[in-house]
Amino acid sequence: MRQLKARILLNKEMVKGFYKMQIESLYLARKIRPGQFVEVRCSEHTDPFLRRPLGCHRILKNGIEMLYEIVGKGTELLSHKRPGEAIDIIGPLGNGFTIDHRPVVLVAGGIGVAPLVALAERLAFSVERIAYRKKPKIDVFIGACKKDHILCANDFKKLGASVYVATEDGSKGPKGLITDFLEDFLSAIRYPQNAMIYACGPTGMLKAVARIAETERIPCQVSLEERMACGVGVCLGCPVKVKTNDERRMTNDEYKMVCKDGPVFNAEEIAW
Ligand SMILES: Cc1cc2nc3c(=O)[nH]c(=O)nc-3n(C[C@H](O)[C@H](O)[C@H](O)COP(=O)(O)OP(=O)(O)OC[C@H]3O[C@@H](n4cnc5c(N)ncnc54)[C@H](O)[C@@H]3O)c2cc1C
Ligand code: FES
C-alpha cells in the first residue's frame, strides 16, 4: 500500500450521475486485485476532510479505472477533476475476492457492479482459461431501481457472460428485485454446487444473496460497504458484526473492520 499522486487520464460521465475515472499508476496496475479498493482525496482543501473509498472497476496496463456515482460532496468534487490533473490516492487497500475457476455467479446491485467487472475480466483472462481454451461460465445478475442505473451489462457480455437484469420500476427486465430472479434461477436450473457466488451492492441485497447461497449450498463472497475514515483498520470506524467460531451459533458476537478484514468476506461469516 502506498500514498501516491496519480495523473488522471480520463474522468467522463457515462450516464447521468455516473462517472468513469482512469488514473495512471503502474504500481496500482501491478499490485491491486479485484475487490480491493483505494482511498481518494477529493479536494485540495480540508473539506471534505476524509478520503472516500472507491473500488477498482478495471485494472489497466498502466493504471486503474474507477466507476463512481455522485451521491454527495466528495463524489461531486471528484466529478469536476480534469484529465492531466493529479489526484492523491492511497492503495491498494483491503482484501479482495478469492478467485476461483469454478463456474461463477456475479450479483450486483446498482453501483455495486463496479468491482465485479474487474473480477469478471480476471476470471475471463486467467492463464488457465487461455491455456485450456475454456469459455468462462459466468452468469451475471444486475439489479437497479431503473433502466439508466443498469450499468456495465455490455462489458460482461463482451467477456462471454450471460447477463440477466431486473429493475424495481420494470423499465428494463422483469419488475422487482434481482434477488427474487436469482432465487428462481438457481432453484430452477440446479446450478452446480461447486460454483461460487460473488456479490456487491446494498446490505439488504447482500443479506438476501447470502440466504439464497446458503439454501442452494453454494459458497458466496460479499463485498461490504461501510462509511470509512482511515481505511486501514486503525480508527475502528467501519465495524461489521461477524459470527464467532462457536459453530457459528452467534453466542458471542465479534466485530471485524470492513476496511482491513474486508471489504470482501465469506457470506456465512457475517452476522446478518
Ligand atoms: C470498500 C468500498 C468501495 C466502494 N466502492 C465504490 C465504487 O466503486 N463506486 C462508488 O460510486 N462508490 C463506492 N463506494 C461508496 C463511496 O465510498 C461513497 O459513495 C462515497 O464515499 C460518498 O462520498 P460523498 O462525499 O460523495 O458522499 P457523502 O456526502 O459522504 O454521503 C452522501 C450520502 O451517501 C451515503 N454514503 C456515503 N458513503 C457511504 C457508504 N460507504 N456506504 C453507504 N452509504 C454511504 C451517506 O450516508 C449519505 O447519505 C465504496 C465504499 C466502500 C466502503
Ligand atoms: S475506516 Fe478506520 S478502521 Fe476501517
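The values are calculated or read from the model by the stated rules, or taken from the named source; none is laboratory data. Please read these numbers as outputs of a predicted model, since none were measured by experiment. Backbone-built Cβ (ideal geometry, glycine too); neighbour counts: all protein chains shown. Please note that ligands, DNA and RNA were not included when accessible areas were found on the heavy atoms of the full protein model with its side chains. Shrake-Rupley method; radii C 1.70, N 1.55, O 1.52, S 1.80 Å.
For the chain, the longest principal axis of the Cα atoms and the long axis of helix 114-124 meet at an angle of about 60 degrees. Across the chain, Cα pairs under 8 Å and at least six residues apart give a relative contact order of 16 percent. Summary of packing: across the peptides 17-23, 143-149, the per-residue average of other C-beta atoms within 10 Å ranks them, highest first, as 17-23, 143-149. Using bins of 10 Å that start at zero, the share of Cα-Cα pairs per bin across the chain amounts to 7, 29, 36, 22, 5, 0, in whole %.
Couplings 3J(HN,Hα) for the stretch 4-12, derived from phi with the Karplus relation 6.51 cos²θ - 1.76 cosθ + 1.60 (θ = phi - 60°), are 9, 9, 10, 7, 7, 9, 7, 8, 10 Hz, where x marks Gly and Pro. Restricting attention to the chain, close to 60% of DSSP beta bridges with both partner residues there are antiparallel. Assuming charge only on the beta carbon of Lys and Arg (+1) and of Asp and Glu (-1), the dipole of the chain about its Cα centre is about 940 debye to the nearest 20. What percentage of the solvent-accessible surface of the stretch 163-272, computed with a 1.4 Å probe over protein heavy atoms, is contributed by carbon and sulfur atoms? That share works out to 48 percent.
Along the axis of the charge dipole computed for the chain (Cβ charges of +1 for Lys and Arg, -1 for Asp and Glu, origin at the Cα centre), the listed residues PRO202, ILE59, PRO263 are led at the positive end by ILE59. Shape class of the stretch 164-265 from the alpha-carbon gyration tensor: oblate, with a/c at 1.5 or above and b/c at least as large as a/b. Cβ distances below 4.7 Å define possible disulfide partners, and in the chain the cysteines left without one are CYS42, CYS56, CYS145, CYS152, CYS200, CYS220, CYS238, CYS259. Shape of the stretch 104-223 from the C-alpha gyration tensor: oblate (a/c of 1.5 or more and a/b not above b/c, with a ≥ b ≥ c the square roots of its eigenvalues).
Determine Rg/Rh for the stretch 2-93; Rg is computed over alpha-carbon atoms and Rh is the Kirkwood hydrodynamic estimate from the same atoms. Show your work: numbers first, answer last.
Working: Rg = 11.9 Å, Rh = 12.9 Å.
My calculation puts Rg/Rh at 0.92.
Reported to the nearest whole Å, the Cα centre-to-centre distance from the stretch 70-107 to the stretch 1-46 is 6. Once the Cα atoms are used to define both axes, helix 178-189 deviates from the longest principal axis of the chain by about 40 degrees. Computed over the chain with a Gaussian network model linking Cα atoms closer than 10 Å, the most mobile of ILE138, ILE70, ILE32 is ILE70. Across the stretch 51-66, rounded Karplus estimates of 3J(HN,Hα) from the backbone phi angles (6.51 cos²θ - 1.76 cosθ + 1.60, θ = phi - 60°) give 5, 10, x, 9, x, 8, 7, 8, 9, 9, 5, 10, x, 9, 10, 10 Hz, Gly and Pro being marked x.
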